[in-house]
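Data first, discussion second: the structure below is written as structure tokens.
The values are calculated or read from the model by the stated rules, or taken from the named source; none is laboratory data. If you're wondering where the values come from, they're calculated on a predicted model, not measured in any experiment. Neighbour counts run over all protein chains shown; Cβ positions are idealised from the backbone, glycine included. Side chains included, ligands, DNA and RNA excluded: accessible areas come from the protein's heavy atoms. Shrake-Rupley method; radii C 1.70, N 1.55, O 1.52, S 1.80 Å.
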Amino acid sequence: MTTSALALLLSWPLEAGRRMILAECDPDGGAVLHGLLQGSLGDRYGLRNLSVAARKGEFSDAFWRQLIDLSSDDGKKESPRDRLLLPGITDPAQAASLCSVWKVLAQMFRGIEAESAHDVLIDLGRRGAYGPSGVLAEQTDAVFVVVRCTLRCLQAAEGRVRTLEERVGDISVLMIDDGPYPAGEVQRVLQVPVVATLPYAPKEARVLSDGAEQPRHFTKTWSHLVSLR
């Protein structure tokens with residue numbers, strides 16, 4: 001799921017003046033700091049730092065200091081800072097300290113589009129939409145479930161889809177094209193629309209998930225790989 005979210009962050013078509021933030025809000029722990037970034041930044045950035053800031057009434061200022069720039073500068077002298085990451089917690093035990101943060105974060109994300117022209121993509125992991133962090137799913141404009149098109153994955157997704165529908169209303173599917181079932185069959189089984197497809201590209205995916213060496217034909221933005229319906 002995090003790999004798919006990174007692919008979308010790096011490939012999302014941005015209008016002039018707009019920026020995008022990927023927020024890792026998985027209570028089981030984020031993956032980008034020690035995956036794509038290979039621990040190069042340590043644990044200095046991330047969601048865990050916001051709990052203290054919230055208690056001190058310094059949440060807004062602290063939030064912007066936690067963002068990491070993942071923009072591609074394409075040879076420019078200065079990064080556009082238009083693709084940003086809020087890293088997640090590094091230990092699931094840290095989730096207990098964030099109970100007061102989720103609601104504040106949800107309120108901030110609701111206003112950030114109008115105030116500073118940022119769109120926000122939230123990675124809630126496998127269970128983040130159900131517990132205290134579920135307020136983030138309730139406040140979003142759209143909720144997507146990432147599904148591989150295999151029988152095993154579809155069976156596992158059915159229960160999650162129904163539970164999510166009860167909590168947040170309409171949801172959609174982002175399909176990983178790894179399995180025998182086409183999008184139409186996935187829609188029929190899950191009874192929700194498939195709105196986008198990502199290819200099954202394990203070599204390219206490992207660059208985003210584990211910081212692996214880029215394959216010869218790797219395209220960082222993945223713009224040619226994302227198929228929106």
All conditions in (1) in contact with a strand residue (DSSP E or B) (Cβ under 9 Å, 6 or more places away or on another chain); (2) modelled with pLDDT of 95 or more; (3) open to solvent by 40 Å² or more (accessible area, probe 1.4 Å) are true of LEU228 except (2)
Filter the range 23-66 for residues that are open to solvent by less than 30 Å² (accessible area, probe 1.4 Å) and in contact with a Lys or Arg (Cβ under 8 Å, 6 or more places away or on another chain); the one that is nearest to HIS118 (Cα to Cα) is ASP26
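Could you please let me know if SER4 is under 20 Å from PHE109 (Cβ atoms), open to solvent by less than 30 Å² (accessible area, probe 1.4 Å) and in contact with a Leu (Cβ under 9 Å, 6 or more places away or on another chain)?
On the way: under 20 Å from PHE109 (Cβ atoms): yes; open to solvent by less than 30 Å² (accessible area, probe 1.4 Å): yes; in contact with a Leu (Cβ under 9 Å, 6 or more places away or on another chain): yes.
Yes: the conditions hold for SER4.
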When (1) open to solvent by 70 Å² or more (accessible area, probe 1.4 Å); (2) farther than 21 Å from VAL32 by Cβ; (3) of a type in the set (Lys, Arg) are applied to ARG206, the one that fails is (2)
Note on the range 1-36: residues modelled with pLDDT under 90, within 9 Å of the chain's Cα centre (by Cα) and part of a loop (DSSP other than H, G, I, E, B) are MET1
Of the residues in the range 106-145, those that are open to solvent by 40 Å² or more (accessible area, probe 1.4 Å) and farther than 21 Å from LEU70 by Cα number 14
For the range 107-135, pairs from a residue that is under 25 Å from ARG18 (Cα atoms) to a residue that is surrounded by fewer than 13 Cβ atoms within 10 Å (Cβ to Cβ), with Cβ under 6 Å and 6 or more apart or across chains, are ALA117/GLY17
Pairs returned, first residue in the range 165-182 that is under 19 Å from LEU8 (Cβ atoms) and in a loop (DSSP other than H, G, I, E, B), second residue that is open to solvent by 20 Å² or more (accessible area, probe 1.4 Å) and not aliphatic (A, V, I, L, M), beta-carbon separation under 8 angstrom, 6 or more apart or interchain, are ILE171/PHE144; ILE171/GLU165; ASP178/ARG148; ASP178/THR150; ASP178/TYR200
Restricting the range 183-203 to residues that are open to solvent by 20 Å² or more (accessible area, probe 1.4 Å), touching a residue at least 24 places away in the same chain (Cβ under 8 Å) and part of a helix (DSSP H, G or I), the one nearest to SER133 (Cα to Cα) turns out to be VAL189
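How many of the residues making up the range 37-51 are basic (Lys, Arg) and assigned to a loop (DSSP other than H, G, I, E, B)? Walk me through it before giving the result.
Step one: of the range 37-51, the residues basic (Lys, Arg) are 44, 48.
Those left that are additionally assigned to a loop (DSSP other than H, G, I, E, B): 44.
Residues in the range 37-51 being basic (Lys, Arg) and assigned to a loop (DSSP other than H, G, I, E, B): 1 in total.
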